[in-house]
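The values are calculated or read from the model by the stated rules, or taken from the named source; none is laboratory data. Keep in mind it's a predicted model, so treat the numbers as computed, not measured. Note: ideal-geometry Cβ built from the backbone for every residue, glycine included; neighbour counts use all protein chains shown. Ligands, DNA and RNA are excluded from the accessible area calculation, which covers all protein heavy atoms including side chains. Shrake-Rupley method; radii C 1.70, N 1.55, O 1.52, S 1.80 Å.
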Amino acid sequence: MARVGERGSSGKDEAADALPQSDMDLEADLESLREAVVRNGPVVLNHRVWLDVEEFEDRVDQLIALLPKEIRRARRISREEQRIIQDAKDEARRLLEEARAEAEQIVAASREEAQRLVEASAVRQRALEQSQTIVAQAEQAASEIRNKSYAYAQQVVGNVEASLKRLAQSVEQDKTQLEQMRPEAE
């Protein structure tokens, strides 16, 4: 008799929804179970027959018909989750790079301005004080830009996390509904 958990070929091309195969391929397990029951016949315990083979096959066929829709949906959700996470990481990385570049430009422009003021000024001390003030302001502005970029990246990741939680809840609800549709043992 075939064991639950063995893989079987369903003959369906699911390349578009392909995920790494898990240890539990439900469709293959159901097919294997049906084949084992049909091959070995009903089980007799204490002089009672415990299985109506036709009804069993019908119910297994119904379950198999339901599984692909739910599996494809779960796969799409998983792919969407990965895409959202990657998009959030990319956006956060882009914002941080832009903030760094802008901060560097501000600091460089400030230093150039400070250097120009020193060279153009008759009073060197005053130019030096102004340049230090400009550099400090530029560094403060750069720090604020970095902080705002970091806060925005956190917000984006928070939004992604909330979306993923909603997606996970949706999957759990679908899973619960599927469990409620399971035929009762007779």
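Descriptive notes on the structure:
- Point-to-point label distance, R166-Q82, nm (Cα→Cβ direction, 7 Å offset): 2.3 nm
- Taken about its Cα centre, segment 97-186 carries a charge dipole of about 440 debye when Lys and Arg each add +1 at the Cβ and Asp and Glu each add -1 at the Cβ.
- For the set D58, D90, the ranking by accessible area, highest first and with no ligand, DNA or RNA atoms included, is D58, D90 under a 1.4 Å probe.
- Over segment 71-186, accessible surface divided per residue gives 74 Å², non-protein components excluded, 1.4 Å probe.
- In segment 70-137, the portion of solvent-accessible area held by carbon and sulfur atoms comes to 48 percent [1.4 Å probe, whole percent, DNA, RNA and ligands not counted].
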